[in-house]
């Protein structure tokens, strides 16, 4: 397998909306490479545009750093509902290394997607699963963590990021 290069902000591809994946398209090699890349980074999620693939696809494994792996590939994901209750968490991004932001997101979501075998999946996600899925879904819509904070916080985060690059 291959570890792919991860695009860094402000690469314009990170601000672009991704196209749907054609149903039945064989993504097995890409998904395997994306997992290799995410684990090597080391991250908990990785979206197609972060590796230059402008398709509605992301992978995540929110448990592997605590011991057990639980890899999930999400093709053409759709968030069907979001709770009114919000949770604020510290979020980092493989495309914006060295910077983390406090982001408020719905604490529970219902999501539907196709898995790597093109089987339809639907689940209620809570806790860090919900946070990660929303973060990666944002990438598919051309958003990064800088887009989820108020303007003064964004300015401070961008300054901190640019100071280290």
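Numerical summary
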quantity: Residue count for region 17-37, restricted to those that are within 28 Å of residue 157 (Cα to Cα), surrounded by 14 or more Cβ atoms within 10 Å (Cβ to Cβ) and in contact with a helix residue (DSSP H, G or I) (Cβ under 9 Å, 6 or more places away or on another chain); calculated: 3
quantity: Residue in region 86-94 that is over 30 Å from residue 164 (Cβ atoms), surrounded by fewer than 20 Cβ atoms within 10 Å (Cβ to Cβ) and touching a strand residue (DSSP E or B) at 6+ places or on another chain (Cβ under 9 Å) present; calculated: no
quantity: Number of positions in region 118-165 that are within 23 Å of residue 21 (Cβ to Cβ), exposed (fewer than 13 other Cβ atoms within 10 Å of the Cβ) and touching a strand residue (DSSP E or B) at 6+ places or on another chain (Cβ under 9 Å); calculated: 2
quantity: Only listed residue being modelled with pLDDT of 95 or more and over 16 Å from residue 148 (Cβ atoms), chosen from 77, 106; calculated: 77
quantity: Search result, residues across region 80-104 that are in a strand (DSSP E or B) and in contact with a helix residue (DSSP H, G or I) (Cβ under 6 Å, 6 or more places away or on another chain); calculated: 89, 91, 101, 103
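The values are calculated or read from the model by the stated rules, or taken from the named source; none is laboratory data. Computed from a predicted structure; not experimentally measured. Virtual Cβ from ideal backbone geometry, glycine too; neighbours counted across all protein chains shown.
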